[in-house]
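Please read the structure below before turning to the comments.
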Amino acid sequence: MPAHEAKIELKNYLSNYFSLTSVQLEKLADLFQLETLEKGDFYAQTGMPCEKLSFIKGGYLRIFETAENGKEVTQWISSKGEFTADLGSLVFGKAARRHIQAISACELYTIKKQAYRSLSETIPQWPEIEKLFISKCFITLEDRIFGFLSLTAEERYHQLFQYKQALFNEVPLHFLASMIGMTPETFSRIRRNHTS
């Protein structure tokens, strides 16, 4: 993809998350660099700082942690157009709480923490824009929690299928089962009923 087309793509991703003028979008996009990960590479690891934020140009990243019983629990699988970061590490300087690992080759648009921290110098309204961004993240998290509490396993399956259908052909299904809080066996049973 030519550089000018890549920049347009990045600005489209940014405009989905941040309310910015065209001039502000241009300034923000200039701070991102293209980064690649091979399948299996870690974007972030639990206990280590993660000093960047990225938008996914292509590929899949799995956010997960290991429970006390040794079982891996997938929180989310990020795909094209979505952002990934450990916000606690980026914003508050804490160690990352979860692993973020490439489950395919990935291309990312990445802004490093130093550039992110200097955004208020480039875009004076940034503190207010960032507050709205964090609020959107919080609302998304609230919706996911409510879904876990109120939806049946079948309803959670159908919701994920409608929202991220491409994942069902691209990533291991046990990751998807974990992401929506069910065993691989229950997931497979619902999938069979869904496709029959």
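Report yes if residue 133 is over 25 Å from residue 185 (Cα atoms) and among the aromatic types (Phe, Trp, Tyr), otherwise no. It is true that residue 133 is over 25 Å from residue 185 (Cα atoms) and among the aromatic types (Phe, Trp, Tyr).
Given 139, 129, which one is surrounded by 15 or more Cβ atoms within 10 Å (Cβ to Cβ), modelled with pLDDT under 90 and outside any strand (DSSP E or B)? Even if it seems obvious, please write down each step before you answer.
Working: 139 fails: surrounded by 15 or more Cβ atoms within 10 Å (Cβ to Cβ).
The conditions single out 129.
Set side by side, the residues 30, 41 differ, and just one is among the charged types (D, E, K, R) and farther than 25 Å from residue 135 by Cα, which is 41. Based on what the data block shows, is residue 31 of a type outside the set (Gly, Ala, Ser) and buried (at least 18 other Cβ atoms within 10 Å of the Cβ)? Taking the combined requirement at face value, the residue does not satisfy it. Being buried (at least 17 other Cβ atoms within 10 Å of the Cβ), in contact with a Phe, Trp or Tyr (Cβ under 7 Å, 6 or more places away or on another chain), touching a residue at least 24 places away in the same chain (Cβ under 8 Å) and closer than 27 Å to residue 36 by Cα is a description that does not apply to residue 180.
Select from segment 1-54 the residues that are of a type in the set (S, T, N, Q) and in contact with a strand residue (DSSP E or B) (Cβ under 8 Å, 6 or more places away or on another chain) and write down the one among them that is nearest to residue 77 (Cα to Cα).
Residues of segment 1-54 that are of a type in the set (S, T, N, Q), as a first pass: 12, 15-16, 19, 21-22, 24, 33, 36, 45-46, 54.
With the extra rule that they be in contact with a strand residue (DSSP E or B) (Cβ under 8 Å, 6 or more places away or on another chain), the set shrinks to 33, 36, 45-46, 54.
Numbers: 33: 22, 36: 17, 45: 15, 46: 17, 54: 14 Å.
This residue is 54.
Does residue 64 satisfy the criteria of being under 17 Å from residue 179 (Cβ atoms), among the aromatic types (Phe, Trp, Tyr), within 12 Å of the chain's Cα centre (by Cα) and surrounded by 14 or more Cβ atoms within 10 Å (Cβ to Cβ)? Taking the combined requirement at face value, the residue satisfies it.
Counting only strands (runs of 3 or more DSSP E) wholly contained in segment 1-116, no element carries 3 or more residues that are touching a residue at least 24 places away in the same chain (Cβ under 8 Å) and of a type in the set (Ser, Thr, Tyr). Where helices (runs of 4 or more DSSP H) fall entirely within segment 148-189, those with at least 1 residues that are within 18 Å of the chain's Cα centre (by Cα) and of a type in the set (Ser, Thr, Tyr) are at 153-163, 173-179. Is it true that residue 53 is over 21 Å from residue 135 (Cβ atoms) and either modelled with pLDDT of 90 or more or crowded, with 18+ Cβ neighbours inside 10 Å (or both)? No, not satisfied.
The values are calculated or read from the model by the stated rules, or taken from the named source; none is laboratory data. Quick caveat, the model's predicted, so the values are computed rather than measured. Cβ coordinates were reconstructed from backbone atoms using ideal geometry, including for glycine residues, and neighbour counts include every protein chain displayed.
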